[in-house]
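First up is the structure itself, then whatever we jot down about it.
The values are calculated or read from the model by the stated rules, or taken from the named source; none is laboratory data. These numbers were taken from a predicted model, which means no experiment stands behind them. Heads up, the Cβs are rebuilt from the backbone with ideal geometry, glycines too, and the neighbour counts pull from every protein chain shown.
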Amino acid sequence: MRRIALIALAAACLHAGRAEAQQVYAGVLLEYLTGDADAAVAKARSLDRDEILAGLNAFNTTRSRLVLTGAAALHTEAAFRSRFDGVLGTFHLQVATAIIQFGERAGVKTNTPLSIRPVFAAPVSDDFRSLWYCTVISILEDATRLQQADRYLDHALTLFPRNSEIQLLAGVLQEMRGSPRTSGLSGGDRRSALQAAEKHYRAVLTTQPDRLEARLRLARVLQQRNELAEARALLTPLSSGPDERIAYLADLFLGGIEDTFRHEDAALAAYDRAAARLPTAQTARLAASELRHRKGDRRAAADAVPAAAGDANAFDPWWTYVFGEYWRADLLLDAVRKMRRA
């Protein structure tokens, strides 16, 4: 029965007999809802602008109440599943944005020149809408599209001011703005960005005190703002936790804090713990090597360099830390697909 209802939904909602372009679009959406979703996403990416606009216009007269969630999910996947092939920021994202922002509360400025005005179709649910914003913002941050991510974040924070996942993403964006690795801000602007990141991370921990990523990032921001005692208190329990990435980074940051205090032995111990956690990572080993060189132990410092910079080194969480929880992007897209029939 459910499959029959979905077939009727896609066929009736778009008045497929009205025009060839709508027939093409309706077929792609139907396949996405009831058949091979991957194939449908590939077909959606091959649609031309007129075919997409025909589908978008048909939403205004459809009598199907549930079509918009599936259409938003389809266009989101079409925009981002192959995001490293130049798809980021394309027309598909504009279409998905128009669908998502239909039915949002009055007074919230839209992010796209497109719009829909369905008479019968229902807006997407708040659960889907918040998931969608988290997905889009995560991918834009991973791509360092900070201005674009900022526009979606402002919108999402207005709609969901107490959503801890959106607050975490807001903190990551401000931390990225405060990093010379991802933006060209002045020193004063970077300090302001770090202060804003701290505010967002504290908001996350107010509602989710055990959110380890937020604790790690708050500590790192505090370290950069020279609030070293609180940063150390946050990092110390993380360094012995079960998550290897978080424990590695916690010890790496602790080593820097102890070095600032001129506690060289404690700094070395932290760097060595980090290196033991991830033996093929580079940063902790190089930091320990530099510190040993300063202490006069040049043989040990030199011996550490091949392990840190040789062919055996591999992934180091420090190099990707600035991009946030970037690995969640495809998981979030999977969640969007799972909710496409909601």
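The table for this structure:
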read-out	value
Failed criterion for Asp303 (all others in (1) surrounded by fewer than 20 Cβ atoms within 10 Å (Cβ to Cβ); (2) modelled with pLDDT of 95 or more; (3) farther than 20 Å from Asn226 by Cβ hold)	(2)
Condition met for Arg65 (of a type in the set (Lys, Arg), within 18 Å of Ala342 (Cα to Cα), surrounded by fewer than 16 Cβ atoms within 10 Å (Cβ to Cβ) and at pLDDT below 80)	no
Candidate set: segment 278-297, residues that are crowded, with 21+ Cβ neighbours inside 10 Å and of a type outside the set (A, V, I, L, M); chosen: the one nearest to Leu249 (Cα to Cα)	Thr283
Single residue of segment 259-278 satisfying the filter (of a type in the set (D, E, K, R) and without any contact (Cβ under 8 Å) to a residue 24 or more places away in the chain) that is nearest to Gln223 (Cα to Cα)	Arg262
Residues (in contact (Cβ under 8 Å) with a residue 24 or more places away in the chain and either among the hydrophobic types (A, V, I, L, M, F, W, C) or crowded, with 24+ Cβ neighbours inside 10 Å (or both)) located in segment 153-173	Ala156, Leu159, Phe160, Ile166, Gln167, Leu168, Leu169, Ala170, Gly171, Val172, Leu173
Residue satisfying condition, being part of a helix (DSSP H, G or I) and surrounded by 21 or more Cβ atoms within 10 Å (Cβ to Cβ), within set Asp265, Asp251, Asp272	Asp251
Residue in segment 205-226 that is over 20 Å from Leu169 (Cα atoms) and part of a helix (DSSP H, G or I) present	no
Test: residue in segment 87-108 that is outside any loop (DSSP other than H, G, I, E, B), among the small types (Gly, Ala, Ser), within 24 Å of Ile137 (Cα to Cα) and out of contact with any Lys or Arg (no Cβ under 9 Å at 6 or more places or on another chain)	yes
Of all residues in segment 158-181 being outside any helix (DSSP H, G or I) and over 15 Å from the mean Cα position of the chain (by Cα), the one that is modelled with the lowest pLDDT	Arg181
Ser164 vs. criteria in contact with a helix residue (DSSP H, G or I) (Cβ under 7 Å, 6 or more places away or on another chain), under 19 Å from Ala96 (Cα atoms) and of a type in the set (Ser, Thr, Tyr)	no
